[in-house]
């Protein structure tokens with residue numbers, strides 16, 4: 001009787017190793033190491049860099065009266081985008097509709113009134129209040145303030161949208177990556193069904209926690225769940241498409257775009273008007289920025305930004321889904337052309 005040796009010779013190193021093992025292929029560990037290093041550095045660089053010294057860039061402000069409008073526009077320059085309104089009521093309407101972060105008025109001699117929306121984000125409303133205080137000091141005016149669109153009680157720092165969006169995005173990315181790694185054992189249609197089904201489940205679950213359970217959002221449950229379902233689908237199918245077409249490098253690109261850049265530039269932790277231009281461009285086109293704007297608009301303002309944001313999310317989901325299906329169709333055709341013809345009853349199922 002022949003016996004297998006307990007140890008097999010490592011053909012690459014000349015040493016003996018455990019049976020069944022092979023020599024190390026250096027690119028098999030170098031590539032993941034470099035990818036992980038790049039992702040970690042990018043995460044720190046983007047998040048810390050954006051937090052380091054955000055500068056106001058044309059924050060929308062309503063100002064009552066031509067005289068004050070001229071003085072504010074001259075004194076604050078490009079840091080604010082001033083809209084003159086004839087009366088305080090008109091300015092309040094702009095703030096409550098989300099078209100302005102604050103309205104400034106000078107109803108009493110020597111006093112400037114600032115009515116703002118903390119729901120626009122504490123970074124943006126805080127920047128406007130700071131700018132107004134600086135202008136008032138220079139003009140020797142006393143400032144009075146009022147928050148006319150406050151955050152809900154259980155979102156005191158205005159960060160709930162950031163964490164909800166981050167959680168949904170991260171879980172959707174993890175699932176898409178895992179299914180891509182098991183592509184040989186899970187049929188394409190089952191992977192697609194799993195991603196779509198998960199989007200519905202995580203969207204509803206996250207909406208239940210943020211809404212009825214914690215009371216941390218000010219949005220109707222169906223709309224909240226719908227936005228989060230679309231966000232999950234956009235993140236999952238976007239990730240799946242990148243991995244399917246680009247292979248392992250697609251995972252790194254998905255992490256950098258959808259989890260790092262997408263969440264950092266979403267406008268939730270740092271207001272959109274405090275982001276640099278390149279970050280504002282990313283925020284406009286990535287799913288996370290669209291989701292945050294939809295949540296803010298639906299929860300506190302007139303809802304005018306919901307449908308453009310839904311369109312962005314829908315495009316990511318639809319294009320990602322289409323690219324995955326296209327790749328699967330092409331791969332199936334290639335396999336059929338390469339497969340020798342045999343009896344029909346022996347043909348494998350798709």
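Values as computed for the structure displayed
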{"quantity": "From 253, 270, 281, residue being in contact (Cβ under 8 Å) with a residue 24 or more places away in the chain, more than 12 Å from the chain's Cα centre (by Cα) and within 26 Å of residue 49 (Cα to Cα)", "calculated": "270"}
{"quantity": "Pairs, first at positive phi in segment 132-157, second in a loop (DSSP other than H, G, I, E, B) and modelled with pLDDT under 95, C-beta under 8 Å, six or more apart", "calculated": "140/110"}
{"quantity": "Hits in segment 193-207 - residues which are touching a helix residue (DSSP H, G or I) at 6+ places or on another chain (Cβ under 8 Å) and surrounded by fewer than 19 Cβ atoms within 10 Å (Cβ to Cβ)", "calculated": "194, 196, 200, 204"}
{"quantity": "Any hit, segment 214-228, residues being more than 28 Å from residue 271 (Cβ to Cβ) and out of contact with any strand residue (DSSP E or B) (no Cβ under 9 Å at 6 or more places or on another chain)", "calculated": "no"}
{"quantity": "Boolean, residue 98 is surrounded by 17 or more Cβ atoms within 10 Å (Cβ to Cβ), closer than 14 Å to residue 115 by Cα and touching a helix residue (DSSP H, G or I) at 6+ places or on another chain (Cβ under 7 Å)", "calculated": "yes"}
{"quantity": "Out of 45, 62, 87, sole residue that is loosely packed, with under 15 Cβ neighbours inside 10 Å, closer than 21 Å to residue 275 by Cα and at pLDDT 90 or above", "calculated": "45"}
{"quantity": "For residue 317: the one exception among (1) farther than 21 Å from residue 170 by Cα; (2) surrounded by 23 or more Cβ atoms within 10 Å (Cβ to Cβ)", "calculated": "(1)"}
{"quantity": "Residue list for segment 153-176, filter: part of a loop (DSSP other than H, G, I, E, B) and either in contact with a strand residue (DSSP E or B) (Cβ under 9 Å, 6 or more places away or on another chain) or closer than 20 Å to residue 231 by Cβ (or both)", "calculated": "155, 158, 159"}
{"quantity": "Count - residues of segment 101-131 that are on the phi > 0 side of the Ramachandran plot and surrounded by fewer than 23 Cβ atoms within 10 Å (Cβ to Cβ)", "calculated": "1"}
{"quantity": "Some residue of segment 315-335 being at pLDDT 95 or above and closer than 24 Å to residue 155 by Cα", "calculated": "no"}
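The values are calculated or read from the model by the stated rules, or taken from the named source; none is laboratory data. Remember, predicted model here, so these are calculated numbers, not experimental data. Every residue, glycine among them, receives a Cβ derived from its backbone with ideal geometry; neighbour counts consider all protein chains shown.
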